[in-house]
Amino acid sequence: MNRFLIVFTLLSMLLVSCGGQPSESSLVYGLTLTPSGIDPHVDASSELGIPLTSVYDPLVWLTPEGEFVAGLAEEWEISDDGLTVTFHLRDDVTFHDGTPFNAAAVEFSLDRIADPATRSLKARGMLGPYDRTEIVDDYTVRVHFTEPYAPFLTSLSTVYLAMVSPDAVSQWGAEYQFHQVGTGPFMFDEYVPRDHLTLVRNPDYDWAPDFFDRQGPPELERVTFRFYPDVATRALALQSGEADVMGEVSPQDAVRLDQSPDYALTPVSIPGQPLQFFVNTQRPPLDDVRVRRALIYAVDRQAIVRTVFKEYSLPAYGPLTRPTFGYDPRVEGMYEYDPQRAAALLEEAGWIDADGDGIRQQDGVPLRLETILMGWGYIPEVGQMLQDQLRRVGMDMDSREMTFSNAVSDVADGRYHLAPFVFSSSDPDIIRTTFQSDNIDGGFNWSKFADPQLDAWLDEGRRAIDPEARRAIYGEIQHHLMEQAVILPIRDYVNLNVAGAHVRNLRYDRQGWFPWLYEVSLAEE
């Protein structure tokens with residue numbers, strides 16, 4: 001009998017060693033785009049931040065409530081003139097490759113972004129009027145600017161201004177995007193473009209910010225990100241168990257999945273600019289502010305949002321979304337849906353339906369707007385409703401759907417009246433990108449609106465260190481842009497994330513796109 005027990009015990013131990021142990025805590029997260037590159041200092045995609053926010057810790061964290069708290073920097077001071085920010089760094093942090101995080105790493109990271117050879121598409125702009133980084137001692141740095149730059153802390157809180165391992169960048173050079181090394185709770189394991197990206201637990205992680213409810217290594221051992229660019233496949237991947245979490249689920253699927261106890265819907269409002277159509281103010285007839293205002297009055301945004309985006313979005317009324325710092329609710333009362341007022345403005349501007357065909361003319365020229373549509377964000381569906389609503393007041397709309405690169409080409413040539421886009425950022429300085437007059441030629445000022453007063457306000461808002469002063473400045477900017485009717489706002493952007501009910505503690509950062517995976521755990525099914 002004793003011999004039998006010994007044999008049974010040995011067999012049990014063998015079964016355990018061959019796979020009888022519980023499987024590792026592994027999560028599959030569905031991404032919706034396949035970015036061309038994922039180096040946060042080089043590339044611009046929001047999609048790269050979804051995995052890489054877990055690879056890098058910021059110098060300062062921005063909480064969901066909008067408060068800056070300690071990260072890799074324990075404390076910081078901004079000089080009275082706003083030209084320098086001094087950071088006092090943690091002295092107990094190491095990169096995933098075992099090298100120390102210190103002042104030299106901060107200097108290296110910021111200088112790498114600023115270096116023209118890096119060819120940064122986004123991070124360099126977020127660094128603003130950066131001059132240099134001064135190493136005060138091993139764990140103190142002083143960042144110098146050529147002029148005050150209020151958005152700096154917001155920029156630092158994002159993955160685009162990540163603190164990278166100098167040794168890893170030196171070792172891998174142009175291949176660094178495949179071998180990224182940060183200080184975050186997860187380590188970069190493997191990236192196969194257009195297929196998957198894998199992170200693994202950082203066993204040495206012990207410097208999470210205080211607003212998390214735990215310390216030490218993360219709960220999950222592995223996170224695999226897979227790409228689902230076709231929106232129709234996203235809900236199917238969740239339902240088949242192929243993915244545990246999926247971003248940007250269609251509104252129709254979100255309604256259905258939200259009714260099931262097997263899934264949890266997390267809608268996240270995105271700060272920055274809304275889904276909007278830029279109005280080409282340099283191309284007739286939209287060079288007439290009366291026609292531009294008529295365009296906005298003619299559009300029933302409530303109906304568009306209700307039909308296309310269900311109950312998950314709010315209509316947009318200005319150039320900033322509601323969760324963005326400095327949002328001014330005054331814009332909400334400026335352009336209520338009023339087709340009669342739209343018709344009156346068009347009549348005043350000389351656009352008359354002389355032949356009764358339903359389309360207004362002036363000097364024999366029909367009132368027709370050439371509109372660019374892109375395939376993402378349900379823009380084609382929005383475009384279809386726009387066309388119908390504008391026809392009701394005598395405005396015709398010709399639309400053509402195209403890729404982003406083709407849209408940029410058409411915009412550069414001025415071959416459009418309306419062109420849609422959306423930009424995300426938790427700082428209102430993002431509207432400099434789309435409304436500074438310097439950005440008309442070759443930039444994203446697709447309204448082609450040049451206004452010295454607006455330029456002055458944008459410069460002032462960027463330099464104002466006092467938050468209340470900034471709020472007042474951006475209030476004036478929003479009101480002025482809508483008074484001049486340079487955009488047609490549609491809806492505040494909302495990212496519809498769905499997870500299986502077994503995924504616990506999933507939440508998103510202030511930017512709205514990036515999950516904090518540090519606290520995520522999986523319930524036993």
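Values quoted throughout were computed directly from the atomic coordinates according to the rules given, and no laboratory measurement underlies them. Treat the numbers as computed from the prediction; the structure is a model and nothing was measured. FYI the Cβ positions are ideal-geometry reconstructions off the backbone, even for glycines, and counts take in every protein chain you see.
General remarks:
- Mean sequence separation of contacting Cα pairs (under 8 Å, at least six apart), scaled by the length of the chain, corresponds to a relative contact order of 19 percent.
- Tensor-based shape of the stretch 399-525 (alpha-carbon gyration tensor, a/c under 1.5 rounded, otherwise prolate or oblate): oblate
- Put simply, when 155-164, 358-367, 452-461 are sorted by average Cβ atoms within 10 angstrom per residue, most first, you get 155-164, 452-461, 358-367.
- Taking amide H positions as modeled 1.01 Å from N, with prolines and chain starts lacking one, the residues under 5 Å from L27 and 5 or more places away or on another chain are R222, V223, T224.
- Between 0 and 90°, nearest 10: helix 404-413 axis offset from the chain longest Cα axis: 30
- Cα gyration tensor category, rounded, prolate or oblate, for the stretch 54-178 with a/c compared to 1.5: rounded
- 0 to 90° range, to nearest 10: angle between helix 339-348 axis and the chain longest Cα axis: 50
- Helix 379-391 axis, angle to the chain major axis (alpha carbon atoms, nearest 10°): 20
- Dipole in debye (nearest 20) - the chain, about Cα centre, beta carbon charges: Lys, Arg +1; Asp, Glu -1: 1280
- Average Cα contact separation per residue, the stretch 275-492, under 8 Å, 6 or more apart, as relative contact order %: 36
- Proximity of backbone amide H atoms, modeled 1.01 Å from N, is registered between V141 and F87, L89, V136 at under 5 Å, excluding neighbours fewer than 5 places apart on the same chain.
- Once you reduce the stretch 242-262 and the stretch 478-510 to the center of their Cα atoms, the two points are 17 Å from each other.
- Cα gyration tensor, the stretch 166-317 - rounded (a/c under 1.5), prolate or oblate: prolate
- Sparsely packed trypsin sites (Lys or Arg not before Pro) within the stretch 183-268, loop by DSSP, other Cβ within 10 Å at most 12: R194, R214
- Cleavage-rule hits (trypsin sites (Lys or Arg not before Pro)) in the stretch 41-147: DSSP loop, at most 12 neighbouring Cβ within 10 angstrom: R119
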